[in-house]
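As structure tokens, the structure follows; a few thoughts come after it.
The values are calculated or read from the model by the stated rules, or taken from the named source; none is laboratory data. Computed from a predicted model, the values in this text were never measured in an experiment. Don't worry about glycine lacking a Cβ; one is built from the backbone with ideal geometry, like all the others, and counts go over all protein chains shown. Note: areas computed on protein heavy atoms with side chains; ligands, DNA, RNA excluded. Shrake-Rupley method; radii C 1.70, N 1.55, O 1.52, S 1.80 Å.
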Amino acid sequence: MQSAISTIQFSPTYAAEWFTFVDQSAQPKIRVKLTKSNIVGTNWGTQGEEGYWLGIGFGQTQMSGSDIVLC
């Protein structure tokens, strides 16, 4: 069973959407999609500081001990 899809627009170019579900082995899961729009990627490289980072953290009130996903 899947929950309704929730969305949030952090800024004109950053957004997220997510939903929860239970997989075939009855494990609860969450699926999150982070979006960055209006990207010009012609000057990106794999070494250095070019590009963008998107991340999400799961915690109550602080980063210490939180679960974090970066892409």
Leading residue by the ranking (farthest from Val40 (Cα to Cα)) among those in segment 1-15 that are within 14 Å of the chain's Cα centre (by Cα) and part of a strand (DSSP E or B): Ser6
Cβ-Cβ distance below 9 Å, separation of 6 or more or different chains: which pairs start in segment 1-19 with a residue that is over 13 Å from Lys33 (Cβ atoms) and end on one that is modelled with pLDDT under 90 and polar (S, T, N, Q)? Pro12/Ser37; Pro12/Asn38; Thr13/Thr35; Thr13/Ser37; Thr13/Asn38
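Yes/no per residue for (1) in a strand (DSSP E or B); (2) within 15 Å of Gln2 (Cα to Cα); (3) in contact with a Gly (Cβ under 9 Å, 6 or more places away or on another chain); (4) at pLDDT below 90:
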{"residue": "Phe21", "(1), (2), (3), (4)": "yes, yes, no, no"}
{"residue": "Ala26", "(1), (2), (3), (4)": "no, yes, no, no"}
{"residue": "Val32", "(1), (2), (3), (4)": "yes, yes, no, yes"}
{"residue": "Thr35", "(1), (2), (3), (4)": "yes, no, no, yes"}
{"residue": "Asn38", "(1), (2), (3), (4)": "no, no, no, yes"}
{"residue": "Thr42", "(1), (2), (3), (4)": "no, no, no, yes"}
{"residue": "Thr46", "(1), (2), (3), (4)": "no, no, no, yes"}
{"residue": "Gly51", "(1), (2), (3), (4)": "no, no, yes, yes"}
Within segment 1-23, the count of residues that are of a type in the set (A, V, I, L, M) and open to solvent by 90 Å² or more (accessible area, probe 1.4 Å) comes to 2
